Amino acid sequence: MNVVQAPKFCFVVHPLSLEDVARYEPGAKGKGEAIVKKILEWMPAYAAVHVTGVRTPDGRETEGWFVGSPLLPQQILDLPREDIYKRIVRSIEIGAELGAQIAGLGAFTGVVGDGGITVAERSPIPVTTGNSLTIAAGLQSFFRGAREMEVDLASATVAVIGATGSIGSACARLIAPKVREVILVARNETRLKAYYEKTAPDLPCIVSYTTDIASAVRRSQLVLTATSSTQDIIEPEDLQPGAVVCELSLPHDVSRRVAVERPDVLVTEGGNMVVPGEPRFERVREPGSEFDLNLPPRTALACMSETMVLALENRLENYTLGRGIELERVVEIEAMAQRCGFTLADMRAFDTAITPEKIAATREAAARRRALAAH
Ligand SMILES: NC(=O)c1ccc[n+]([C@@H]2O[C@H](COP(=O)([O-])OP(=O)(O)OC[C@H]3O[C@@H](n4cnc5c(N)ncnc54)[C@H](OP(=O)(O)O)[C@@H]3O)[C@@H](O)[C@H]2O)c1
């Protein structure tokens, strides 16, 4: 097969936790949080990972770079906005100097401020947050989880946490036609109420809103979470027996206690995709050594995948930006990703694969818990 070189891409990454910092830089292990944060603040952006071998079934190939903008999520929210924008734009410039023609914004670099709009205005190359494919892949994961746990959608209540956000607001609109009730959840009540008043009349199901996460979770069989919280916000005590939680937030929202204390609940990380071809994620500083994405082999986040798909499809344009995502884009990028050979990754959560045996055990635990609750 003839291989055709597609344009190159770059993707801005940052650590989600101190564990991430230590995984990339073992010297940071055991150091106090304050000193690690100070060092990160001083660190300039740098090309961290060279990605090669991303190839479509019809022979289009791209390569690219993950460029580190090494700050923790809370630092990205707390440091002066202008400083953060400059760091993100500098990361993109590094990618462009290496030959990238489109840039993606990872995790909080796509969340900060206006969700990529200002960054795109200042960037030398087109920019995307990757949120359209995250929504498409996230919803596939969400409905797969519901199917596996045999939740009847037509009678289900769904809590969408982060409902005023870029990802959450689109997910709420796309889930609504399939379920009985959607509860919109966020922190800022004024924005939430405005979103509810604008959206609810067009949604073909019962819609309500609340800022009380625990009460929304307690009422729901299905939960989708896409927040910019830096703390756990979903606790085991609040989840219904046999509930399904699809987690799109990075860092995650679901307390690790759920993994231990609620064997009857299915938590699944939405938005992971298998990359076509023979993708390699090689550390730039140590050629030959693989970068640990903390995901199974050949797997990338959906936002990274969107950036790769746009490069492979030669769609060198600002694609997904800001908070009002066009649902047509979600449909379009899903079709483009499929054409390029990207597929939804197997289910996983809490760094572990969710096997068919694990799902069967979760269903059994849910049945036992429901029976207990009925007595
Ligand atoms: N898996 C992937 O491939 C992937 C790709 C892209 C992004 N992401 C992740 O997805 C998440 C959402 O991204 P986004 O672009 O949609 O962000 P966004 O537009 O900033 O929206 C964030 C939403 O979360 C809400 N929120 C923030 N803190 C909260 C809290 N403590 N409790 C309840 N709600 C809270 C916000 O509302 P209020 O301000 O009113 O609270 C808002 O509705 C982020 O964690 C991001 O890193 C994942």
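The values are calculated or read from the model by the stated rules, or taken from the named source; none is laboratory data. These numbers were taken from a predicted model, which means no experiment stands behind them. Neighbour counts run over all protein chains shown; Cβ positions are idealised from the backbone, glycine included. Only protein heavy atoms, including side chains, enter the accessible area calculation; ligands, DNA and RNA are left aside. Shrake-Rupley method; radii C 1.70, N 1.55, O 1.52, S 1.80 Å.
What to note about this one:
- Contact order normalised by residue count of the range 1-98, Cα under 8 Å, 6+ apart, percent: 40
- For the chain, the relative contact order is 21 percent, taking Cα pairs closer than 8 Å that sit 6 or more residues apart in sequence and dividing their mean separation by the residue count.
- Portion, in percent, of the accessible area of the range 219-304 that falls on carbon or sulfur, probe 1.4 Å: 53
- Gap separating the Cα centres of the range 278-302 and the range 10-46, nearest whole Å: 18
- When DSSP beta bridges are restricted to pairs lying wholly in the range 198-340, around 30% turn out antiparallel.
- Set against the 2.2 N^0.38 Å expectation for a compact globular protein, the chain has a Cα radius of gyration ratio of 0.97.
- Extension gain, Glu261 to Glu282: 0.36 nm times the residue separation minus the Cα-Cα distance gives 3.8 nm.
- Pairs with C-alpha atoms separated by more than 29 Å, drawn from the list Lys38/Lys193; Lys8/Lys86; Lys37/Lys193; Lys193/Lys358; Lys38/Lys86; Lys37/Lys86, are Lys38/Lys193; Lys37/Lys193; Lys193/Lys358.
- Normalising the average separation of contacting C-alpha pairs (under 8 angstrom, six or more residues apart) by the number of residues puts the relative contact order of the range 273-375 at 30 percent.
- The shape of the range 265-325 can be summarised by an equivalent ellipsoid whose semi-axes, obtained from the alpha carbon gyration tensor, come to 23, 19, 11 Å from longest to shortest.
- Å² per residue, accessible surface of the range 1-95 at 1.4 Å: 46
- For the chain, leaving out every one of the GluC sites (Glu not before Pro) that falls in a DSSP loop and has at most 13 other Cβ atoms within 10 Å, the longest unbroken run is 151-316.
- Heavy-atom accessible area per residue - the range 157-237, 1.4 Å, Å²: 43
- Potential extension, Glu33-Lys178 segment - 0.36 nm per residue separation minus Cα distance: 47.8 nm
- Distance from the range 304-335 to the range 163-226 (C-alpha centre basis), Å: 24
- A quarter of the convex hull surface defined by the alpha-carbon atoms of the range 70-126 gives 3.5 nm² as the mean projection.
- Label separation (Thr343 vs Asn2): 2.8 nm, computed from points 7 Å beyond Cα along the C-beta direction.
- Cross-link reach list, aspartates and glutamates versus Lys178, counting only Cα pairs under 12 Å and skipping chain neighbours closer than eight places: Asp152
- Extension gain (nm, one decimal) between Ile206 and Thr190, 0.36 nm per residue minus Cα-Cα: 3.7 nm
- Measuring nothing but protein heavy atoms, the accessible surface of the range 305-351 at 1.4 Å probe radius is 43 percent carbon and sulfur.
- Calculated from backbone phi, Karplus (6.51, -1.76, 1.60) coupling profile of the range 48-65 in Hz, x at Gly/Pro: 9, 9, 9, 9, 10, x, 7, 9, 7, x, 8, x, 8, 10, 10, 9, x, 9
- FRET efficiency for Gln74 and Glu328, using Cβ-Cβ distance with R0 set to 25 Å, rounded to 0.05: 0.15
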